[in-house]
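Each reported figure results from applying straightforward, stated rules to the coordinates on display, with no laboratory input. These numbers were taken from a predicted model, which means no experiment stands behind them. Cβ coordinates were reconstructed from backbone atoms using ideal geometry, including for glycine residues, and neighbour counts include every protein chain displayed.
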Amino acid sequence: MKKWLNYIKLYGYFAFNWNPVLAGFILMHEIRGEKKFGVDTSKPLELTQLTIANGDISHSSRYEAVNFYILEALLKRLCEICDDRSFTDLGCGKGRAMVVAAHYGFITIKGVDFAQEVCSIAEQHMQKISSLFPQMEYRVLCKNVLEYDIQPNESVFFMFNPFSDDTIARFLEKVNVSIEQHPRPVYFLYVSPRYIETFFEFEYEPVYRKRKLKWLDGVILKKDITA
């Protein structure tokens, strides 16, 4: 019953802020997706409700899970154009994108978030599915994304509009250092790409974009200094 009350509240939020058609579409995919992947991730959370590990919440948005429709569309297309099976979720929240990535064949999965409570939930979700994917290795790191050390084998990053343009630019600078030291193609899956121009400034190119009902928008961006 509690979960259905959360669904009703979610519908009301999107119907009030956007429109009833979008709210119905999102709710349909919330119910289907959470049942399909066995997660409980739909309830939004204000950052003021959470314990933050060394972060400035004025430069971050509240916790909302990415829509399953856009997430699956991006992952499906990425699997067609990229052989790398690493996946790093920046601002992972409760771990929805991490879980879905595992179902799409990604085996080295990391989530980074500065809120302790959602990191704990993400850990629970990943532990729950670990028996389904014995080759999968995962880590949930509770830290500020700008303190995260990018590894040479990381090539796929995911974001659901969690940061300001300044934070994105500073992270992309870290990525630049990594790919200069270890040349490789890098992909960003960016949902609700409010600051997509920041990626263009760092010479990323969009290779795929999915839009639905004008408001649901996701893009795959690529940078390859080896080309």
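Among the cysteines of the chain, those with no neighbouring cysteine Cβ under 4.7 Å are CYS79, CYS82, CYS92.
By how many nm would the segment from ILE225 to GLN127 grow when fully extended, if each residue of separation counts as 0.36 nm and the alpha-carbon distance is taken off? The ILE225-GLN127 span can extend by a further 31.7 nm. Distance between the 7 Å Cα→Cβ label points at VAL207 and ASP149: 2.8 nm. In this entry, segment 69-186 is assigned a mean projected area of 7.1 nm², taken as a quarter of its C-alpha convex hull surface. Under 1.5 on a/c is rounded, so check that first for segment 1-133, then, if it is not, pick prolate when a/b is larger than b/c and oblate when it is not; a ≥ b ≥ c are the square roots of the alpha carbon gyration tensor eigenvalues. Oblate is the answer for segment 1-133, as a/c is 1.5 or above yet b/c matches or exceeds a/b.
What is the fewest-to-most order of SER42, SER164 by other Cβ atoms lying within 10 Å of their Cβ? So the residues, fewest neighbours to most, are SER164, SER42. Report, in listed order, any pair from LYS3/LYS76; LYS43/LYS212; LYS36/LYS212; LYS3/LYS110; LYS2/LYS143; LYS174/LYS222 with a Cα-Cα distance greater than 24 Å. Flagged as over cut-off: LYS3/LYS76; LYS3/LYS110; LYS2/LYS143. Computed from point charges on the beta carbon alone (+1 for Lys and Arg, -1 for Asp and Glu), the dipole magnitude for segment 141-198 about its Cα centre is near 140 Debye. Taking the number of Cβ atoms within 10 Å of each Cβ as an exposure proxy, the fewest-first ranking of LEU74, LEU5, LEU90 is LEU5, LEU90, LEU74. Exposure proxy ranking for TYR187, TYR195, based on other Cβ atoms within 10 angstrom of each Cβ and starting from the fewest, stands as TYR195, TYR187.
Could you work out the Rg to Rh ratio of segment 2-44, with Rh taken as the Kirkwood radius (inverse of the mean 1/r over all Cα pairs)?
0.96
Here the dipole of segment 68-224 is about 660 debye; that uses its Cα centre as origin and unit charges on the Cβ of Lys and Arg (positive) and Asp and Glu (negative). Residue ranges 117-130, 6-19, 75-88 sort as 117-130, 75-88, 6-19 when ordered by packing (mean number of other C-beta atoms within 10 Å per residue, highest first). Just so you know, the averaged projected area of the alpha carbon convex hull for the chain sits at 11.9 nm². Considering only alpha-carbon pairs that sit under 8 angstrom and 6 or more positions apart, the relative contact order computed for the chain is 17 percent. Between the C-alpha center of segment 168-202 and that of segment 111-155 there is a gap of 20 Å. Comparing LEU90, HIS103, GLN135 along the charge dipole axis of segment 68-224, the residue lying farthest to the positive side is HIS103, per the Cβ-charge model. Report the residue, chosen from LYS35, LYS143, LYS174, that carries the largest GNM mean-square fluctuation when the chain is represented by alpha-carbon nodes joined by springs under 10 Å. Answer for the Gaussian network model of the chain: LYS35. Couplings 3J(HN,Hα) for segment 75-83, derived from phi with the Karplus relation 6.51 cos²θ - 1.76 cosθ + 1.60 (θ = phi - 60°), are 5, 4, 5, 4, 4, 7, 10, 9, 8 Hz, where x marks Gly and Pro. For segment 8-23 and segment 62-88, compute the distance between their C-alpha centroids and round to whole Å. Here the two parts' Cα centres lie 24 Å apart. The H on the amide N of LEU141, modeled in the peptide plane, is under 5 Å from the matching H of GLY111, VAL112, ASP113, each at least 5 residues off or on a different chain.
Beyond 16 Å, how much of the Cα-Cα pair distribution for segment 86-143 remains, as a whole percent? Beyond 16 Å sits 29 percent of the P(r) for segment 86-143.
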